[in-house]
Each structure stands twice: as C-alpha cells, then as structure tokens.
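Only one structure is covered here, and it is reproduced in the block below.
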Amino acid sequence: MDHLIDLGVSDIRALTTNPAKAKLPEGVTPITGYLGKPETLPAALDGVDRMYLAPFPPTLDVALDLIKRADVEYVVALSGGAHWQQHTDTIAASGITNTQLGPGEFLENFTIWAEQIKTTRTVREPYPDMVEAPISMDDIARVATALLVKPEESHYGQMYELTGPEALSRKQIAEQIGVGIGVEVTFEQCSREEAEAALRPIMGDETGWYLDLMAEAEPQHANQLVAELTGTPAMSVAQWAAANAEMFR
C-alpha cells in the first residue's frame, strides 16, 4: 500500500480482520473482512475498479464469482505453478481481466534461519545444492503496484514468474546473508530428520511440506522481470539481509 501511496493513489481499501492491529497507512480505508468469509466481501468490492488478490484456496471460486459480479475491471493475483497451478488455472478461467504473479521462494522465508545464524553463524539443512532465485515480498508488491496503477493490455492474461536478480544455491544464500549482515555465515549439511527437528518449532505442520519442496524442486533460473516491470531491480539476498539485519544478529 505504501507503494500505491507513493505513486499518488488516494482511493485505497484494505481488507483486514482487525483494522486496529493492521496499522494501515493514513489515507487507506480499512474494510473488516476475510477472504475465508465470502459474506464479508461484497461491501469491500463495491465500487472497486482494480484489486490485488492473494488467493485463499478454500474460497477462491466463490471469491472470484463475487469479484466478477462486482464488475471489478482488473485483478493482479499472486499465484504460481506446482502446487498452485490449480488456482492459477482457476483465475485464468474466471473471465476476469487479470495478470498473475508467480514468484519463487520469498526472501522472508529465510528468517527460519535467524536463530541458527544468531547463535552459531551456521545454517544446517539437508539440501545445500538446491538452486533458487528468491525474491522479497516488497519487490512483489512493487510489481503489483506498477501493474495496478497503469494497466496495460500487454499485461492482461500474463503469468509473470518473478525472481530475484540471481540464482543461488541454499549454501550460497546463507553466505550472502552473512555478506549482508557483515559476518561470516557458513552452511553445514545435515540429515532430513535433523532439519525437520530444528524447523518444526518454527514452522509447525508446514515443516515436512517445505522440506519436500526443497527435495523435489527443479533449479530455478533468475530473470529481470522486476526491473522490466518497475524500472528498479529486485533486491539481492545481501541487500535484503542488510535491510533486515536485526533479525539475524
């Protein structure tokens, strides 16, 4: 939302379950509601021209139906391939003019390493050679903002697979976090069982699913779509870590 405000957008609504806790920027109108409770959506959608949608899978079909009924002209949706492909296809077939953003792993996910880095300066995981090009949520937001502020037909119906600027192994990502925060961070390979035991207190029931993704993932190639769509490159791992150094120290 800050990016929308920075670009001069003044009529912004935000759907939230708790407006007080959300601490929305000045000028943003909070609407109390939740994608998981479709009955709260009509009031939020009334008069809306364009919207950003982070799908809630259990109610995606009904939410899209309500969005269509509300005559929303354009939707930018967060989706992707693999386990998200079904939802991507549902959005594409909805009849709503849309652009979909399919990022890889969020840089913010690497906060799961924060305690290890604080205490040992070593990341322990089973898959050091898995290659990906993680992207910050802020860069995804910048792309969504650019598309919403200036809709262009060339973007309609597109799936943009957003990445960070560089493809790195998990080992290299750990090292680059060290570069960003100004300390040496090493990587030590461990067993799947050891990794699951370490991550379960942080990730709960998502731990096994997350490690399965790492075990099965194909190497990801980096692209420059963020720069092409916004005019400013995506943050590198080191830049993101430097901006969030307090989490790792």
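The values are calculated or read from the model by the stated rules, or taken from the named source; none is laboratory data. Keep in mind that what you see is a predicted model, and the values were worked out from it rather than measured. Here the Cβ positions follow ideal geometry from the backbone for every residue, glycine too, while neighbour counts run over all protein chains shown. Areas reflect the complete protein model, heavy atoms only, side chains present, ligands, DNA and RNA absent. Shrake-Rupley method; radii C 1.70, N 1.55, O 1.52, S 1.80 Å.
For the reader, a short list of remarks on this structure follows.
- Residues of the stretch 153-174 satisfying the condition of being open to solvent by 70 Å² or more (accessible area, probe 1.4 Å) and either on the phi > 0 side of the Ramachandran plot or out of contact with any strand residue (DSSP E or B) (no Cβ under 6 Å at 6 or more places or on another chain) (or both): GLU153, SER154, TYR156, GLU161, GLU166, GLN172
- Considering the stretch 134-152, the residues that are of a type in the set (D, E, K, R) and more than 18 Å from GLU108 (Cβ to Cβ) include one that is least open to solvent (accessible area, probe 1.4 Å), namely GLU152.
- Annotation: of all residues in the stretch 65-93 being out of contact with any strand residue (DSSP E or B) (no Cβ under 8 Å at 6 or more places or on another chain), modelled with pLDDT of 95 or more and part of a loop (DSSP other than H, G, I, E, B), the one that is farthest from TYR156 (Cα to Cα) is ALA70.
- Of all the residues in the stretch 1-55, those that are of a type outside the set (Val, Ile, Thr) and assigned to a loop (DSSP other than H, G, I, E, B) number 19.
- Looking only at the stretch 175-207, and only at residues there that are in contact with a strand residue (DSSP E or B) (Cβ under 9 Å, 6 or more places away or on another chain) and of a type in the set (Gly, Ala, Ser), the one that is nearest to GLU125 (Cα to Cα): ALA195
- Leading residue by the ranking (farthest from the chain's Cα centre (by Cα)) among those in the stretch 71-89 that are surrounded by fewer than 19 Cβ atoms within 10 Å (Cβ to Cβ) and more than 23 Å from ALA217 (Cα to Cα): ASP71
- Within the stretch 116-128, restricting attention to residues that are open to solvent by 10 Å² or more (accessible area, probe 1.4 Å) and part of a strand (DSSP E or B), the residue that is farthest from HIS221 (Cα to Cα) is THR122.
- Single unsatisfied condition, VAL62 versus (1) in a helix (DSSP H, G or I); (2) closer than 18 Å to PRO151 by Cα; (3) open to solvent by 40 Å² or more (accessible area, probe 1.4 Å); (4) touching a helix residue (DSSP H, G or I) at 6+ places or on another chain (Cβ under 8 Å): (2)
- Condition check for GLY104: touching a residue at least 12 places away in the same chain (Cβ under 8 Å), surrounded by 15 or more Cβ atoms within 10 Å (Cβ to Cβ), outside any helix (DSSP H, G or I) and not hydroxyl-bearing (Ser, Thr, Tyr): yes
- Selection from the stretch 231-242 of residues that are surrounded by fewer than 18 Cβ atoms within 10 Å (Cβ to Cβ) and under 17 Å from the mean Cα position of the chain (by Cα): PRO233
- VAL131 falls short on exactly one of the conditions (1) under 17 Å from PRO201 (Cα atoms); (2) surrounded by fewer than 21 Cβ atoms within 10 Å (Cβ to Cβ); (3) out of contact with any Asp or Glu (no Cβ under 6 Å at 6 or more places or on another chain), and that condition is (1).
- Matching residues in the stretch 205-230 - criterion: being surrounded by 12 or more Cβ atoms within 10 Å (Cβ to Cβ), in a helix (DSSP H, G or I) and hydrophobic (A, V, I, L, M, F, W, C): LEU211, LEU213, MET214, LEU225, VAL226, ALA227, LEU229
- Within the stretch 90-99, the set of residues being out of contact with any Leu (no Cβ under 6 Å at 6 or more places or on another chain) and open to solvent by less than 10 Å² (accessible area, probe 1.4 Å) comprises just one member, ILE91.
- Scanning the stretch 188-204 for residues that are within 25 Å of the chain's Cα centre (by Cα) and surrounded by 11 or more Cβ atoms within 10 Å (Cβ to Cβ) gives ALA195, GLU196, ALA198, LEU199, ARG200, ILE202, MET203.
- Residue satisfying condition, being surrounded by fewer than 16 Cβ atoms within 10 Å (Cβ to Cβ), of a type outside the set (Val, Ile, Thr) and in contact with a helix residue (DSSP H, G or I) (Cβ under 8 Å, 6 or more places away or on another chain), within set PRO38, PRO42: PRO42
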